[in-house]
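**Student:** Quick one: this structure, given as structure tokens, is what I'll be asking you about.
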Amino acid sequence: MIDEPLPDGNPSTLFVRDWSVPWHCHVLPVVLGLLVTLIFFWGGVPLASHWALSWRAIQNGWVLPIFLHIFVHGGLLHLLLNLTAFLFLSAPLISRLGRPPLSWVRYLYILVGSGLSGGALFLLVNHNSAKSVLGISGAVFGLVAALARVHPATGDLVEVRSQRTWLLVKFFVHNHVALFLLLAIMAVVSGRWVGLAWEAHLGGLLFGFFATPLYLERSSE
């Protein structure tokens, strides 16, 4: 494992990439993005409500939302924000996980595992609450954390105690401050407050951070 300076001499940027991404690494994310988009326009709000994950659903014996909540969104803006980040992050990560189809399997493990872990932490924090969560954002934060473990010059695993881990923490905090402000502005304009499932984001981030080392090369230095 290594913790070398970033190749462009700019240590303040988490998403610096110094490698090309083969075209085939974009295939699976685009297919998944189209699937999520089709689900949104086909099912709409009724399906989103039915697939949303909550303690109430679990207590009523409806356990499929543990998985299905990842694929539905509460509105067009929610969908666009999540898919933009999803498509930006996915292909670079896939390019560092080996060759297809094995790289796709590893990527799906990180993606789905992050989504499930995000849902699990949300349920744990909101035990016996009526709150619900939906969307792929927990999985997206898992992808962010996964890329934080990739050295941008070599592709080797970056150790836990590293500059990139600190950049990841700062990104998470700054991102959520910005999201809370955006939601507050929207609440003032619309008169309707929409919650932010930070628990799901954190759960996904933790999974991606600790699961990704299973698939990255370790430096021989």
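**Student:** So how do His174, His69 line up by other beta-carbon neighbours within 10 Å, fewest first? Walk me through the numbers on the way to the answer.
**Tutor:** Working: His174 10, His69 28.
Placing the least packed residue first, the sequence is His174, His69.
**Student:** What percentages, rounded to whole numbers, describe P(r) for the chain computed over all alpha carbon pairs with 10 Å bin width beginning at zero?
**Tutor:** 8, 32, 35, 18, 5, 0
**Student:** How long are the semi-axes of the ellipsoid equivalent to the range 108-168, from square roots of 5 times the Cα gyration tensor eigenvalues, in whole Å, largest first?
**Tutor:** Numbers: eigenvalues 159, 31, 14 Å².
The three semi-axes for the range 108-168 are 28, 12, 8 Å.
**Student:** Right, here's the next one. Can you put Val194, Val173, Val36 in order, fewest other beta carbons within 10 Å first?
**Tutor:** Working: Val194 13, Val173 10, Val36 19.
Fewest to most other Cβ atoms nearby, the residues stand as Val173, Val194, Val36.
**Student:** A follow-up question, please. Distance between the C-alpha centers of the range 17-45 and the range 144-172? Whole Å please.
**Tutor:** 24
**Student:** Grab the other residues whose beta carbon is less than 15 angstrom from that of Ser129, score K and R as +1, D and E as -1, and report the net.
**Tutor:** +1
**Student:** Contact order normalised by length for the range 44-214, with contacts defined as Cα pairs under 8 Å and 6 or more residues apart; what percent is it? Please list the in-between numbers first.
**Tutor:** Details: 247 pairs, mean separation 50.9, N = 171.
Relative contact order comes out at 30 percent.
**Student:** On to the next question. Compute the long axis of helix 163-190 from its Cα atoms, compare it with the longest principal axis of the Cα atoms of the chain, and write down the angle in degrees, 0 to 90, nearest 10.
**Tutor:** For helix 163-190, the angle is close to 30 degrees.
**Student:** Between Gly135, Gly118, Gly195, find the one with the highest GNM mean-square fluctuation for the chain; connect C-alpha pairs within less than 10 Å.
**Tutor:** Its mean-square fluctuation being the largest, the pick is Gly195.
**Student:** Please give me, ordered by residue number, the trypsin sites (Lys or Arg not before Pro) of the range 130-165 that lie in loop per DSSP and have at most 12 other Cβ atoms within 10 Å. Spell out each step's value before the answer.
**Tutor:** Values: sites: Lys131, Arg149, Arg161, Arg164; in loops: Lys131, Arg149, Arg161.
The qualifying sites are Arg161.
**Student:** Cut-off is 10 Å between beta-carbons; in what order do Glu199, Glu159 appear when sorted fewest neighbours first?
**Tutor:** Working: Glu199 20, Glu159 16.
Least crowded to most crowded, the residues run Glu159, Glu199.
**Student:** Counting only helical runs of four or more DSSP H residues, what would the 222 nm mean residue ellipticity of the chain come to if each run contributes -39,500 (n - 2.57) and the total is spread over all its residues? Walk me through the intermediate numbers first.
**Tutor:** On the way: 8 runs with 132 residues, N = 221.
After summing the helix terms and dividing by the residues of the chain, the value is -20000 deg cm²/dmol.
**Student:** Taking only Cα atoms, what is the 0 to 90° angle, nearest 10, from helix 27-51's long axis to the longest principal axis of the chain?
**Tutor:** Once rounded, the angle reads 20 degrees.
None of the figures in this text is laboratory data; all of them are computed from the coordinates on show. Nothing here was measured: the structure is a model prediction, and the numbers come from that model. So basically every Cβ, Gly included, is an ideal-geometry build from the backbone, and we count neighbours across all protein chains shown.
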